[in-house]
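Quick notes on the structure that follows.
The values are calculated or read from the model by the stated rules, or taken from the named source; none is laboratory data. Since the structure is predicted, the reported quantities are computational estimates derived from the model, not experimental observations. Here Cβ is always computed from backbone atoms with ideal geometry, including for glycine, and neighbour counts include all displayed protein chains.
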Amino acid sequence: MPPKETALPQNKMATAPIQRLLLSMGVPMILSMVLQAFYNIVDSYFVGNMSGGEGELALNALTLAFPIQMLMIAIGVGTGVGVNSLLSRSLGAGDRERASKIAGNSIFLGACTYIVFLLVGLFGVRAYFLTQTSDARILEMGTRYLTICCTLSFGAILAMIYEKLLQATGRTVLSTVAQFAGAVANIILDPIMIFGLLGCPKMGVAGAAYATVIGQILSFALLLIFHHAFNRDVDTHPRYFKPEREIVGEIYKIGVPAIIMQALMSVQTYAINIIFGRVGNEAVTAYGVYYKVQQFVFFAAFGMNNAMIPIIGFNFGARNDKRIKDGIKFGMIYTLAIMLAGMLLLQFSAAAFVGLFSLSEATTNLFVLAVRIITLSYLFAGASITYQGVFQAFGRGVSSLIVSLMRLIVFALPAAFLLALTANAADVIWCAFPIAEILTAAIGAVMLRRIYQRAVAEIAG
């Protein structure tokens with residue numbers, strides 16, 4: 001077995017000032033994550049403006065399809081989180097051989113994930129929709145859209161893996177370029193394929209699906225090229241693609257809690273669709289539109305979170321307590337600043353955002369009300385997102401999962417269910433989300449203190 005190499009002294013995660021490092025790595029990641037939000041909001045914008053009164057039905061169909069798309073993202077991103085944390089720590093410890101095996105095994109796992117969603121697309125989509133709606137038109141549009149997204153999901157899944165490989169080695173600009181190219185392609189193709197422009201047949205929601213997967217495949221192709229051409233911190237020889245039980249186990253030791261954590265968003269959305277469906281289709285559509293709008297804010301916070309993980313993980317591997325502490329401190333400050341800016345933007349621009357969609361007056365009013373209430377808890381949500389990133393960087397995936405479980409399931413769903421039973425349910429159900437965020441942030445603060453103390457003790461030991 002080849003000897004371990006010493007850590008590269010020029011690696012910026014070991015030497016650059018933390019404040020500047022978080023910004024230099026975080027801004028490209030934020031842009032990358034925000035661009036991912038375009039894949040969903042752009043589809044919703046164009047299908048929401050379909051003629052013949054089908055716009056709101058199409059938006060409802062996309063809202064019901066969204067939990068499966070979120071589950072796909074959960075597995076891809078969750079695996080990537082495990083890879084990101086493990087790879088950055090291996091590089092920090094100077095073990096290039098192990099880092100190369102981690103990178104190769106992650107690509108193998110991405111291919112396996114695609115096979116699963118291919119089978120879902122071929123055999124499971126219609127049954128999934130029947131659990132949420134009996135409307136024939138919504139069922140038809142949703143089944144068509146989601147089948148395409150699942151059967152051609154290899155671009156989305158493998159793009160998430162390669163993106164994490166570039167981020168873990170500090171090459172965030174390259175990952176952002178690839179994401180930007182895919183988002184632009186999606187934006188250009190959406191109106192062409194949905195409405196039948198420039199000689200393209202008019203495909204409706206199917207056109208939105210094809211535009212999305214084409215953009216994802218373009219991002220994947222660019223990320224593939226960037227990784228093999230420029231990622232010099234790991235070897236990209238095909239021999240590293242061979243799965244190793246120990247490597248896969250280590251990836252999923254961190255990755256499975258992260259996958260479950262991300263999948264909880266899918267579970268929450270699915271359950272909320274059912275709970276809100278009892279209040280009315282307008283509540284479901286309003287929530288679906290709000291969720292996709294708020295993704296721009298939350299994805300920006302997750303982008304900063306993704307910058308924190310390799311920085312803190314690298315310095316944890318290098319046993320540099322001061323840089324770990326600074327990474328936590330400034331990561332929290334920057335994340336809260338993002339959430340505050342998002343809260344103010346949505347509070348003052350709710351009517352402008354909802355004007356992008358052709359919604360009924362009842363749905364419009366519910367959307368604005370949702371924004372007014374839910375955004376008040378954004379600072380608490382930002383704190384919890386920071387906790388999760390720190391826990392993942394320390395390899396405490398289960399603790400990160402617990403925070404996510406509290407935010408999305410333990411507190412939010414019972415509150416939503418109970419509020420949906422009240423006489424004025426359409427007005428108060430939105431309070432379920434602030435309740436969950438405030439309780440989670442308080443408990444997460446206690447968890448962070450304990451886990452940080454243990455990490456410091458481990459370094460000292």
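This table checks each residue for (1) closer than 20 Å to E97 by Cα; (2) modelled with pLDDT under 95.
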{"site": "T169", "(1), (2)": "yes, yes"}
{"site": "V177", "(1), (2)": "no, yes"}
{"site": "G182", "(1), (2)": "no, yes"}
{"site": "N186", "(1), (2)": "no, yes"}
{"site": "F195", "(1), (2)": "no, yes"}
{"site": "K202", "(1), (2)": "no, yes"}
{"site": "I214", "(1), (2)": "no, no"}
{"site": "A221", "(1), (2)": "no, no"}
{"site": "D235", "(1), (2)": "yes, yes"}
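Out of the residues in region 354-387 meeting the condition of being of a type in the set (A, V, I, L, M) and outside any helix (DSSP H, G or I), tell me which one is surrounded by the most Cβ atoms within 10 Å (Cβ to Cβ). Walk me through it before giving the result.
From region 354-387, those of a type in the set (A, V, I, L, M) are 354, 356, 359, 362, 366, 368-371, 373-374, 376, 379, 381, 383, 385; that's our starting set.
With the extra rule that they be outside any helix (DSSP H, G or I), the set shrinks to 356, 359.
On the way: L356: 14, L359: 21.
Restricting to residues being of a type in the set (A, V, I, L, M) and outside any helix (DSSP H, G or I), the top hit is L359.
For region 151-168, does any single residue satisfy the condition of being part of a helix (DSSP H, G or I) and free of Cβ contacts under 8 Å to residues at least 40 places away in the same chain?
If we filter region 151-168 for residues that are part of a helix (DSSP H, G or I), which is where we start, we get 151, 154-168.
Keeping just the survivors that are free of Cβ contacts under 8 Å to residues at least 40 places away in the same chain gives 151.
Within region 151-168 (the criterion being part of a helix (DSSP H, G or I) and free of Cβ contacts under 8 Å to residues at least 40 places away in the same chain), the answer is yes, since at least one residue qualifies.
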Discussion item. Of the residues A159, A127, A136, only one is of a type in the set (A, V, I, L, M, F, W, C) and crowded, with 24+ Cβ neighbours inside 10 Å; which?
Written reply: A159
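Quick check on L23: is it modelled with pLDDT under 85 and on the phi < 0 side of the Ramachandran plot?
On the way: modelled with pLDDT under 85: no; on the phi < 0 side of the Ramachandran plot: yes.
Spelling it out, it is not the case that L23 is modelled with pLDDT under 85 and on the phi < 0 side of the Ramachandran plot.
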Item to complete: Might you check whether a residue that is surrounded by fewer than 23 Cβ atoms within 10 Å (Cβ to Cβ), within 22 Å of the chain's Cα centre (by Cα) and of a type in the set (A, V, I, L, M) occurs anywhere in region 40-49?
Response: yes
Worksheet item: When G92 is evaluated against the numbered criteria (1) crowded, with 21+ Cβ neighbours inside 10 Å; (2) out of contact with any helix residue (DSSP H, G or I) (no Cβ under 9 Å at 6 or more places or on another chain), which criterion, by number, is the only one it fails?
Response: (2)
Worksheet item: Which residues, counting only those in region 439-461, are over 14 Å from K322 (Cα atoms) and polar (S, T, N, Q)?
Response: T440
Item to complete: Starting from region 360-386, take each residue that is within 12 Å of Q347 (Cβ to Cβ) and list its partners that are polar (S, T, N, Q), counting only C-beta distances under 6 angstrom and pairs at least six apart or across chains.
Response: T375/Q347
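Matching residues to (1) part of a helix (DSSP H, G or I); (2) surrounded by fewer than 16 Cβ atoms within 10 Å (Cβ to Cβ):
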position: G170; (1), (2): no, no
position: I187; (1), (2): yes, no
position: M193; (1), (2): yes, no
position: C200; (1), (2): no, yes
position: A208; (1), (2): yes, no
position: R239; (1), (2): yes, yes
position: I260; (1), (2): yes, no
position: A263; (1), (2): yes, no
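Residue-by-condition table, conditions (1) out of contact with any Asp or Glu (no Cβ under 8 Å at 6 or more places or on another chain); (2) hydrophobic (A, V, I, L, M, F, W, C); (3) part of a helix (DSSP H, G or I); (4) over 21 Å from I157 (Cα atoms):
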position: V34; (1), (2), (3), (4): yes, yes, yes, no
position: V42; (1), (2), (3), (4): no, yes, yes, no
position: F46; (1), (2), (3), (4): no, yes, yes, yes
position: M70; (1), (2), (3), (4): yes, yes, yes, no
position: S85; (1), (2), (3), (4): yes, no, yes, no
position: G94; (1), (2), (3), (4): no, no, no, yes
position: S100; (1), (2), (3), (4): no, no, yes, no
position: F108; (1), (2), (3), (4): yes, yes, yes, no
Item to complete: Determine, yes or no, whether V293 is of a type outside the set (S, T, Y) and either over 23 Å from the mean Cα position of the chain (by Cα) or more than 28 Å from G255 (Cα to Cα) (or both).
Response: no
Discussion item. Can you pull out every residue in region 395-411 that is assigned to a helix (DSSP H, G or I), closer than 15 Å to I443 by Cα and not β-branched (V, I, T)?
Written reply: S399, S400, L401, S404, L405, M406, R407, L408
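Would you say I214 is part of a helix (DSSP H, G or I) and within 28 Å of I138 (Cα to Cα)?
Numbers: part of a helix (DSSP H, G or I): yes; within 28 Å of I138 (Cα to Cα): yes.
Taking the combined requirement at face value, the residue satisfies it.
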Worksheet item: Just checking, how many residues over region 331-367 are under 16 Å from L23 (Cα atoms) and polar (S, T, N, Q)?
Response: 1
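Can you tell me which residue among V398, V390, V446 is modelled with pLDDT under 95, under 27 Å from R89 (Cα atoms) and in contact with a Gly (Cβ under 8 Å, 6 or more places away or on another chain)? Show your work before the answer.
Details: V398 fails: in contact with a Gly (Cβ under 8 Å, 6 or more places away or on another chain); V446 fails: in contact with a Gly (Cβ under 8 Å, 6 or more places away or on another chain).
The match here is V390.
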